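Worksheet: the structure to be examined is printed underneath.
The values are calculated or read from the model by the stated rules, or taken from the named source; none is laboratory data. Since we're looking at a predicted model, the values are computed, not measured. Please note: Cβ atoms are built from the backbone with ideal geometry, for glycine as well, and neighbour counts cover all protein chains shown. SASA here: full protein model, heavy atoms, side chains in, ligands and nucleic acids out. Shrake-Rupley method; radii C 1.70, N 1.55, O 1.52, S 1.80 Å.
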Amino acid sequence: MLNCSGSHLSMPEPWLWFETLLYTSRYQAEMHRHSAWQLTASVFGEFRFRTEDGIVCLRPGEWVLMAPGVLHDAGSDSSRSRALQIFFRRFPPDLLPEFAERFNLRRGVVRHGGMELCDLKRILRDFLTKAGDSTPCGKGWRVALGLEFSIRALESLGEEEGPVRRISPVLLRTLEYMEEHFAEPLGVADLASFAGLSESRFAANFKAETGDSPMHCLNSIRLGRAQSLLVNGAAVEEAARLAGFSSVQYFCRIFRRNTGMTPGEFRATPFRPRRK
């Protein structure tokens, strides 16, 4: 495990986990994936994230946003560094409509930028003093601080550079259907029927437009929901059932393949990659 300490708090859907981590030595984590969006900022010290598209280096006040399923590692050459981060299944359309429209249902997204360091330090201070389970209005504060952290970081994003992958209205509706019905026993045939396409054409169009297979995308949505259930105290069997997996064995196999952890290990130490 990484040589670090910090504060960790679960959050209501579609948020998952909000935390601050204090690393007390240099470290390098293995390549891994999360079935959730991840927004991480450096409060002090420097961090390095390597993805399939390159390396993102964070200095104090800088952040990185990664979509579910992005393969990445994490490291720091600083002998002492601190990060603030939040994990969530999707951007809440009612609370963050601009970012929901821009990023929800997209995969492979990696963005980075900066925010005012004084704002980030204040959010960290408020998180540590106001958002705990035993503090008055602690749950309300963690939701408010999660929203402020997201908005203050991402408001610096400009227009997209280069070509943006466009998804057809038919597949967008299908992706939204998957988000709403993930707990049901859906297969490629069901999704193709909803889209009004043959199975072969649906699978080919889905792969071409999203870069992913239909079932891999559906399982990623299910894993995100299962992670939310696990961090909020659900047993492994319950998380598998409520997230729509056909069996506990299949759930455990898919979970480990995608995260590098068993569901039980994740439940004990959520979103914590292993150290090399």
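Can you pull out the residues in the stretch 51-90 that are open to solvent by less than 30 Å² (accessible area, probe 1.4 Å) and touching a residue at least 60 places away in the same chain (Cβ under 8 Å)? Correct list: Trp63, Leu65, Pro68, Asp73, Ala74, Ala83, Leu84, Gln85, Ile86, Phe87, Phe88. Exactly one residue out of Arg275, Arg257 is at pLDDT below 90, among the charged types (D, E, K, R), in contact with a Leu (Cβ under 6 Å, 6 or more places away or on another chain) and open to solvent by 50 Å² or more (accessible area, probe 1.4 Å), and it is Arg275. For the condition under 27 Å from Asn258 (Cα atoms) and hydrophobic (A, V, I, L, M, F, W, C), what is the one hit in Val56, Val43? Residue meeting the stated conditions: Val56.
To keep it simple, each residue is scored yes or no on (1) of a type in the set (Gly, Ala, Ser); (2) touching a strand residue (DSSP E or B) at 6+ places or on another chain (Cβ under 7 Å); (3) closer than 18 Å to Pro68 by Cα.
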| position | (1), (2), (3) |
| --- | --- |
| Ala195 | yes, no, no |
| Ser200 | yes, no, no |
| Ala203 | yes, no, no |
| Lys207 | no, no, yes |
| Asp212 | no, no, yes |
| Leu230 | no, no, yes |
| Ile254 | no, no, yes |
| Thr259 | no, yes, yes |
| Phe266 | no, no, yes |
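Among residues of the stretch 122-139 being outside any helix (DSSP H, G or I) and either within 22 Å of the chain's Cα centre (by Cα) or among the basic types (Lys, Arg) (or both), the one that is surrounded by the most Cβ atoms within 10 Å (Cβ to Cβ) is Ala131.
Report the residue count in the stretch 140-172 for those that are modelled with pLDDT of 90 or more and open to solvent by 30 Å² or more (accessible area, probe 1.4 Å). Count: 10. Among the residues of the stretch 23-41, the ones that are open to solvent by 20 Å² or more (accessible area, probe 1.4 Å) and hydrophobic (A, V, I, L, M, F, W, C) come to 1 in all.
Arg111 meets the stated requirement of being buried (at least 17 other Cβ atoms within 10 Å of the Cβ) and more than 21 Å from Cys4 (Cα to Cα).
When the helices (runs of 4 or more DSSP H) confined to the stretch 189-276 are screened for residues that are under 22 Å from Ile167 (Cα atoms) and touching a helix residue (DSSP H, G or I) at 6+ places or on another chain (Cβ under 7 Å), those reaching at least 2 such residues are found at 199-210, 214-231. Filtering the stretch 175-199 to residues that are touching a residue at least 24 places away in the same chain (Cβ under 8 Å), under 15 Å from Asn219 (Cβ atoms) and of a type outside the set (D, E, K, R) leaves Leu175, Met178, Phe182, Ala183, Pro185, Leu186, Gly187, Val188, Leu191.
Would you confirm, using the coordinates I've provided, whether Val248 is among the β-branched types (Val, Ile, Thr) and within 15 Å of the chain's Cα centre (by Cα)? Give the derivation first.
Numbers: among the β-branched types (Val, Ile, Thr): yes; within 15 Å of the chain's Cα centre (by Cα): no.
In short, no.
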